[in-house]
Amino acid sequence: MIAFKQVQKQYPNGYSALKNINLQIQQGEYVAIIGLSGAGKSTLLRCINRMHEITGGTLLVDEVDINTLKGKSVRQFRRNIGMIFQSFNLVTRISVIKNVLVSFVPEMPFWRKLLGIFTEQQKKQALMALDRVGILDKAYVRVDQLSGGQQQRVALARTLAQNPKLILADEPVASLDPVTAHQVMDDFRRINKELNMTVIMNIHHVELALEYANRVIGIRAGEIVYDGAAKDVTEAV
Ligand code: ADP
Ligand code: ADP
């Protein structure tokens, strides 16, 4: 599904954040990317959805060389990728279900979204996504009344409603307390298993990565220093 071939990423200031990355990820994998702050985890993730452009090598997603995409095709490409951030990125003053609805129908005219005109089918899809992450009962609550863990689940539901093939999560549990972090990690695992969605997650919390992911990739100073099953990771990483 994803193939990095000698990928490099140099920032405009000359800093090489990724050096010769070779990597293949198959549909349905649950991959955790671990490494110290500044190792290049965010950069790697952001190259996959073209938030960053690579400066060397080739990056294939679904057999498409994503460096060749331009304008409208970049936007179309991004629609098939769910992105989850540490900071949730929700509109906190509106209800949970509205947050899910406004983002999962990109082809809908903006004025319809603004007026909150959604079809029954769209509402059903949004409610199903909320149900899958266990917050159906919060559908009509304002986001700012929810805990951090619940907000991250809203973000996850919003992503699920888009029905992406791939979810990229950048430190999704970093701002959550340990118990909530486990619950959210569990949601990711369930989604990965039940929907066969590929999950690639940056996580600095090594124990959580080992507990939940099937495969762990360790990055240090822009290079892959470990790539294997979570159960085989040693203290070397
Ligand atoms: P991580 O996610 O592992 O913390 P990042 O991918 O955010 O690491 O950053 C990798 C390295 O690239 C860091 O040294 C960071 O300072 C540098 N970096 C990130 N973004 C930029 C940028 N826009 N310009 C220059 N350097 C950057
Ligand atoms: P995060 O690790 O959560 O992505 P950072 O504080 O590392 O947050 O980065 C915030 C923003 O600043 C990002 O857009 C990143 O690309 C940019 N950035 C990070 N390090 C540098 C750097 N050394 N020079 C320029 N921009 C940077």
When the dipole is taken about the Cα centre of the chain, and only Lys, Arg (+1) and Asp, Glu (-1) are charged at their Cβ, what size is it in debye, to the nearest 20?
960
For the pair VAL179 and VAL74, what calculated FRET efficiency results from E = 1/(1 + (r/R0)^6), where r is the Cβ-Cβ distance and R0 = 35 Å, to the nearest 0.05?
0.35
Proximal charge balance of GLY222 [Cβ under 9 Å; K/R count +1, D/E count -1]:
+2
Expressed in nanometres to one decimal, the distance between label points 7 Å along Cα→Cβ at GLN24 and ASN67 is 2.0
Check cross-link reach from LYS19 to the aspartates and glutamates: straight Cα distance under 19 Å, and skip same-chain residues fewer than eight apart.
GLU53, ASP65, GLU223, ASP227
Net charge within 13 Å of VAL64 by Cβ-Cβ distance, Lys/Arg positive one each and Asp/Glu negative one each, not counting VAL64 itself?
+1
For the pair GLN6 and ASN196, how long in nm is the line joining their label points, each one 7 Å along Cα→Cβ?
3.4
Once the other residues with Cβ under 11 Å from the Cβ of ARG93 are scored (Lys, Arg +1; Asp, Glu -1), what is the net sum?
+1
Hey, how many Å between the Cα centroid of the range 194-237 and the Cα centroid of the range 32-64?
15
Given the options LEU101, ALA169, GLN183, identify the residue whose Cα lies farthest towards the positive end of the charge dipole of the range 81-184 (+1 on Cβ of Lys, Arg; -1 on Cβ of Asp, Glu).
LEU101
Probe 1.4 Å, all protein chains present, accessible-area order of ARG46, ARG78, ARG215, largest first
ARG78, ARG46, ARG215
Helical mean residue ellipticity (222 nm; -39500 (n - 2.57) per DSSP H run of 4+; nearest 500) of the chain:
-10500 deg cm²/dmol
If DNA, RNA and ligands are ignored and the probe is 1.4 Å, what is the ranking of ARG158, ARG190, ARG93 by accessible area, most exposed first?
ARG93, ARG190, ARG158
Of the peptides 219-229, 65-75, how do they stack up when ordered by the mean number of other Cβ atoms within 10 Å, highest first?
219-229, 65-75
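The values are calculated or read from the model by the stated rules, or taken from the named source; none is laboratory data. Since this is a predicted model, take the numbers as computed values, not measurements. Every residue, glycine as well, gets a Cβ built from its backbone with ideal geometry; the counts of neighbours run over all protein chains shown. Side chains are part of the model used for accessible areas, which takes the heavy atoms of the whole protein and leaves out ligands, DNA and RNA. Shrake-Rupley method; radii C 1.70, N 1.55, O 1.52, S 1.80 Å.
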